[in-house]
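Some notes on the structure that comes next.
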Amino acid sequence: MKKCPKCKGPHDGNNSWCKQCVRDRAKESKRTPEGRIRSMYNAQVTNAKFNGRKPPTYTKQQLVGKLMSMDLYHEIHAAWAASGYLKALGPSIDRDDNTKSYESGNITLMTWEQNEANARADNRSGKLRTVIPHKAVDQFDLDGNFIARFISIKNASRHTGISCSVISKIAHGKTKKPRTFMFKFS
């Protein structure tokens, strides 16, 4: 059995290092300033594909060059490292206009925590975060009088205290006699 040159432990396979040392090396690489940027870029490409958007209009190397020249990036990265690499304090890139893809003029550097807060605020306010639009739902009393319009079932649930599944069943006509309110898709 071969020995890992780093930890001197046994390992099998084609790699010269053991699995744990390979994982540790990858983790260390992703925590370097350039490695973190490469990880963010890869996430942008993956998210763009998943959400049906175009991939970033810049290359990985262009993003590395842009962020490495920014003092703010180095400040955020240093604070992230000092925290022991807490996810919330890690560098992150947010799109200014969420209807567009990642483009040089449409990105802002911030911490992951700030980016997550922006996403939550945008979802609550109805500002679209993806290319998949929300399905608006209207609330009526049992006599058919309009009460309110909500941007989504989730938003209606937040405001009325009625579960999403109940609102969905009513809006889809699966509940014949609702007890409190009627809901219909706009």
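Report the residue count in the stretch 71-87 for those that are touching a residue at least 12 places away in the same chain (Cβ under 8 Å) and not in a helix (DSSP H, G or I).
Going through the stretch 71-87 one residue at a time, the tally reaches 1.
Which residue pairs have Cβ atoms closer than 6 Å, lie 6 or more positions apart in sequence or on different chains, and pair a first residue in the stretch 54-66 that is over 15 Å from Arg95 (Cβ atoms) with a second residue that is of a type in the set (Val, Ile, Thr)?
If the second residue must be of a type in the set (Val, Ile, Thr), the pairs left are Val64/Ile37.
If I go through the stretch 1-55 residue by residue, how many of them are over 30 Å from Met110 (Cβ atoms) and aromatic (Phe, Trp, Tyr)? Quick ask: steps written out before the conclusion?
Residues of the stretch 1-55 over 30 Å from Met110 (Cβ atoms): 1-22.
Add one more test, that the residue is aromatic (Phe, Trp, Tyr), and what stays is 17.
So the answer is 1.
Filter the stretch 1-55 down to the residues that are small (Gly, Ala, Ser) and in a loop (DSSP other than H, G, I, E, B) and list them by number. Break it down into steps so the answer makes sense when it comes.
Applying the first criterion (small (Gly, Ala, Ser)) to the stretch 1-55 yields 9, 13, 16, 26, 29, 35, 39, 43, 48, 52.
Residues satisfying the conditions are Gly9, Gly13, Ser16, Gly52.
Determine if the stretch 56-70 includes at least one residue that is under 24 Å from Thr111 (Cα atoms), outside any helix (DSSP H, G or I), modelled with pLDDT under 85 and not polar (S, T, N, Q).
Taking every residue of the stretch 56-70 in turn, none turns out to be under 24 Å from Thr111 (Cα atoms), outside any helix (DSSP H, G or I), modelled with pLDDT under 85 and not polar (S, T, N, Q).
The values are calculated or read from the model by the stated rules, or taken from the named source; none is laboratory data. From a predicted model like this one, the values you see are computed outputs, not experimental measurements. Using ideal geometry, Cβ is built from the backbone for each residue, glycine included, and neighbour counts are taken over all protein chains shown.
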